[in-house]
1. Criterion first (within 47 Å of the chain's Cα centre (by Cα), closer than 22 Å to residue 283 by Cα, modelled with pLDDT under 95 and not assigned by TED's automatic domain parsing to the domain that holds residue 209) does residue 366 satisfy it?
2. From the list 373, 378, pick out the single residue that is under 19 Å from residue 150 (Cα atoms) and buried (at least 16 other Cβ atoms within 10 Å of the Cβ).
C-alpha cells in the first residue's frame, strides 16, 4: 500500500442559489479549515443550499481518499477484472477502483485506488438572506460646504473645510465634486456612496449662555431622508466628542434623540457653544438653519482649491441630477479664528486704579486639562484691548499678556473724552482675531 502526495481539498462550492433570486451563493464542506488559501469550486449551475452543501461535502470527501493506492500482484487471470472495476481486497476495509493492470514476468500487477466511503446523512444548509437591490428613484443630490471649528489633531495652519453630500434615499450612489472658480469647475474627486446626516432646524433654537450642560434643552431638526437615524449617547460620550452637530456657526452636542415622524427628530440634553462657538449660541438660531452631524461621512476638501473665503462655492453632480448643485461655503475662516477669551476679572486698588485680566483659550482645545497649560497654537500671544464699539474703538491697547492696568487719571480722561463705553479684549491670532470679551463698562 502506498500514499501519494495529498491534493488540496476543495473547501467550498460557489453556485447560483434559487432561493436567493439566483444570486451567487457559497457552501463550505464539513471539516476543519486548512491553513492557507482555500480551494473554491465554481459550478455554473442553479440549485438550493442543501444540494450545494452535499456536492461540496462529496467533492471534499473524494479528495481526501483519492491519494491512497495499492499495487496488488496476482497469478490468476480473471476476465472480470478490467480498468474501472470496483473490487475488494482481503483484510482491507472499503472498496477499491481498478485503475490499470500490467502483465509482468512474475504475474499480473493491479493498480488499485481506494474509493471514498459514502457520507451517511445529508446536511441541511441555510441559503442566507437575499439582498435584492432597492427599487427606488435616484434622488437629487443635497449639498452643503462648511468650515468647522479647529480640531486639536489637525494642522493649526490648515482650514477644516468639508463637503456635506446626501440624498433622500439609498438609491443615490454618490456624486462628483467640483470647486467653482469663475466660469470653470475644478475636479475635487467623488463623494463616495455614504450619505451625510444633514437637515435644518424645524423650530427656532433659543439663545443660550453655553456655560453648563442643559438637560431640559431641546432642538427639533428635520433631516433630508426618512431612513437616516440619529443615535443617543451619555455624558461620558459627550466628553469623548460624540454627537457633535453644527447648527449654523454653533457646535452643539446632544444626549438623546427621539424620532417624531416625517423626518423630524427631537434632540434633548444639549451642550451648547462647543469648540469656542458660544458667541453664536448667545444669538440663537431661526428655523431653517442648516444642521450637519459632524462625523466621518463628511468629505474633506483641499483649502488650496477651496479657500476659506465668503465667495467660495462648490458643486456636485450625481446620476439623478439634471444640472450641477451649487453650495456656498458656510462659516468661512471659523477653523483658524481664535476662541474668545473667558473669565474676565477686575481688581480695584485703594487709589482707584483698575487691573483687568482674563483667561486665554486656544483653537482645537475642546477639553480643559488642569495639569498642563493650554497650548498657545498661535505664532505668538497677543491681545487687542479696545474702549468703545468693537468695529471702531475710540482707544486701543496691545498687550502680550492677559492683563491691563488703568490708573484713575487715565479712566477719567477716557470718560471725559469719549463718555461711558465698553472695555473689551480680543485675542489676535495668526490668521484672525477672536470675538470680543466684555471686561467692564467704564
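The values are calculated or read from the model by the stated rules, or taken from the named source; none is laboratory data. Predicted model, so just to flag it, every value in this text is computed and none were measured. For neighbour counting, all protein chains shown are included, and Cβ atoms are generated from backbone atoms with ideal geometry for every residue, glycine included.
1. Working: within 47 Å of the chain's Cα centre (by Cα): yes; closer than 22 Å to residue 283 by Cα: yes; modelled with pLDDT under 95: yes; not assigned by TED's automatic domain parsing to the domain that holds residue 209: yes.
Spelling it out, residue 366 is indeed within 47 Å of the chain's Cα centre (by Cα), closer than 22 Å to residue 283 by Cα, modelled with pLDDT under 95 and not assigned by TED's automatic domain parsing to the domain that holds residue 209.
2. Within the list 373, 378, the selection yields 378.
Rundown of residues vs (1) assigned to a strand (DSSP E or B); (2) farther than 22 Å from residue 363 by Cβ, yes/no style:
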| site | (1), (2) |
| --- | --- |
| 193 | no, yes |
| 211 | no, no |
| 219 | yes, yes |
| 225 | no, yes |
| 251 | yes, no |
| 255 | yes, yes |
| 291 | yes, yes |
